[in-house]
1. Name every residue in the range 63-88 that is touching a residue at least 12 places away in the same chain (Cβ under 8 Å), closer than 21 Å to Gly12 by Cβ and surrounded by 12 or more Cβ atoms within 10 Å (Cβ to Cβ), in order of residue number.
2. Only helices (runs of 4 or more DSSP H) wholly contained in the range 21-88 count here; list those with 1 or more residues that are at positive phi, touching a helix residue (DSSP H, G or I) at 6+ places or on another chain (Cβ under 7 Å) and at pLDDT 90 or above.
3. For residues that are over 30 Å from Gly12 (Cα atoms) and part of a helix (DSSP H, G or I), tally how many sit in the range 89-113.
4. Any chance the range 135-147 includes a residue that's exposed (fewer than 15 other Cβ atoms within 10 Å of the Cβ), at pLDDT below 95 and not in a helix (DSSP H, G or I)?
Amino acid sequence: MSDAFDSRHELGRMIADGHLSEEALQAITGLEPEKIRAFLDETKPVQTGMSAEPQVLSGDESMRLSGLAVQLAEGLPIGDDERLKATLESLTVECRLTLQHISGLTGLDVGDVERALRDPRTVPLEKKYELASKASYLINAVNRARGR
């Protein structure tokens with residue numbers, strides 16, 4: 001049996017360890033400083049479900065903070081090959097970019113993009129780095145276009 005992931009504790013730990021700041025959380029999430037501080041205050045119970053007490057965060061805000069906490073705490077140790085493949089899958093599945101689109105936008109050979117999507121271990125390190133860097137840029141461009 002595994003322990004439940006505690007987003008509030010993990011974000012608080014990251015701040016205490018100097019890996020993150022409240023200001024960075026505010027910039028990343030767009031949440032007001034008071035909401036971030038109230039969420040991080042472990043002396044108060046988290047309000048869930050039906051309650052007479054006002055909710056610190058909306059359901060969407062809570063999900064976004066929790067998702068961020070999981071990604072920062074658990075996602076970074078994922079291997080670079082798996083991360084590159086997931087990035088390319090996100091571009092092809094979620095964004096509906098074809099391999100030719102990604103090739104054209106990144107200036108990389110479509111064969112390298114296809115091999116990286118199938119099995120990143122088959123791509124030479126320098127090509128893999130270039131593809132990862134440019135695919136990351138595409139993900140950032142897509143996220144900025146989607147807005148909040």
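1. Passing the criteria: Arg64, Leu65, Ser66, Leu68, Ala69, Val70, Leu72, Ala73.
2. none
3. 17
4. yes
The values are calculated or read from the model by the stated rules, or taken from the named source; none is laboratory data. These figures come from a predicted structure and were not determined experimentally. Glycine also receives a Cβ, built like all others from the backbone with ideal geometry; neighbour counts cover every protein chain displayed.
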